[in-house]
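**Q** Have a look at this one before I ask anything.
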Amino acid sequence: MVRFEDVSKRFGATAAVDRLSLDIFPGEFFALLGPSGCGKTTLLRMLAGFETPDEGRILLDGSDIAAVPPHRRPVNMMFQSYALFPHLTVAGNIAFGLRQEGLPKTEIAERVGAMMALLQLGRLGERRPDQLSGGQRQRVALARSLVKRPRVLLLDEPMAALDRKLREETQFELMDLQARLGLTFVIVTHDQEEAMKVADRIGVMNHGRLVQVALPEEIYEKPNSRWVADFIGDVNLIEGRVTVADADGVVVEAAEGIRFQADATDGAKTGETVWVALRPEKIAIASITDGKRADALYGEVLEIGYRGDVSVYKVRLDNGLVMKAAAANTMRRVAQPFGCNDRVVLSWARDAVAVLTR
């Protein structure tokens, strides 16, 4: 449905978007994820028509939309600030765009009523924005964006102003709404958990370029670079050298004397420097109960980070390397199995190891 072809946008000497190409498909919930200043909002604004590309083309259903003004594009954008009109009621805010188009009053009333019912705003129609909670204002902004029935809905950090619990509830509601309406949603966020939860696919951006576009689970489990692995979630990144690379798998010898075995990896060649990515939750941590095992590492707990559902253990191995392991909290905190300075053993499955060549 949407295609960016070698699109660039510069502000002075800064390239906000740099020769970026991307396809977004009909009915897809697509997330643009990246740190502040990576160009994701600029990309969204170009699709909406608020910015003009310096190079390249933006196609919608195969047609170049460069000459189409924002209000004529079958695209609507929900802003991070919500941008509600303070002097209008909830119903008036939702109806604003329809009135600008000159639709009949009966059709406006019907469409506004349907959208308020869909987003559970039925009893708030006569209130003004300053009489609403943050979550209610967000629903009004979403209703105003959807009431014009766009082909593509653009969402610029739509949940940034909500508290954590309300944000999590709204994420599921947004997913359900998108599925019921069958529209194409494109969301911009810097929240990795949010992108992983709501999106069908994620495009990870850095310095105006896409560094990886894939399913959420692929980006998390199989990042294509150290930067993506480090940006998405928590990870142990360890430099090493490939000693074996064949159809049976890859063996990496780390500088600290640790050997990692992994499944076969495209691009890994014997003798080259690579980086091993190992997620903390993929590492099993246990008390030392018997003699040393060849397939495990031993060390001492330095710190414990309690996060409620999980605890993260920072462990200094006997060879000096520090690694993080995470374990679910299945019992009360006072009964945690490990404390600081305790001796522990770390182990992991072969398929938990990702070998990165860049």
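**Q** Residue 329 versus residue 180, label points 7 Å from Cα toward the beta carbon: distance in nm?
**A** 3.5
**Q** On to the next question. In nm, what is the difference between 0.36 nm times the number of residues separating residue 319 and residue 239 and their Cα-Cα distance?
**A** Working it through step by step, the gained length comes to 27.3 nm.
**Q** Counting alpha carbon pairs within less than 8 Å and at least 6 residues apart, what relative contact order, in whole percent, applies to the chain?
**A** 15
**Q** What would the Debye formula give as log10 I(q)/I(0) at q = 0.10, 0.13, 0.14 Å⁻¹ for the alpha-carbon point model of region 5-121, no solvent?
**A** Cα-only, vacuum Debye calculation for region 5-121: -0.42, -0.68, -0.77.
**Q** Ok, one more. Quick check: convex hull of the Cα atoms in the chain, volume per residue, rounded to a whole Å³?
**A** 180
**Q** Cβ under 12 Å from residue 115's Cβ, residue 115 left aside: what net charge do those residues give with Lys, Arg +1 and Asp, Glu -1?
**A** +4
**Q** Then there is this: Compute the acute angle (0 to 90°) between the alpha-carbon long axis of helix 90-100 and the principal axis of greatest extent of the alpha-carbon atoms of the chain; round to the nearest 10°.
**A** For 90-100 against the chain, the angle is about 70 degrees.
**Q** Moving on to the next point. Which of 40/148; 9/165; 197/314; 105/197; 9/105; 40/165 have a Cα-Cα distance over 29 Å?
**A** Result: 9/165; 105/197; 9/105 exceed 29 Å.
**Q** Sum up the charges of everything whose Cβ sits under 13 Å from the Cβ of residue 74, counting Lys and Arg as +1 and Asp and Glu as -1, but leave residue 74 out.
**A** +3
**Q** If one takes the longest principal axis of the Cα atoms in the chain, at what angle in degrees, from 0 to 90 and to the nearest 10, does the Cα axis of helix 105-118 lie?
**A** It is inclined by approximately 20 degrees.
Bear in mind these aren't lab numbers, they're just calculated from the coordinates by the rules spelled out. Please read all numbers here as calculations on a predicted model, not as lab measurements. Cβ coordinates were reconstructed from backbone atoms using ideal geometry, including for glycine residues, and neighbour counts include every protein chain displayed.
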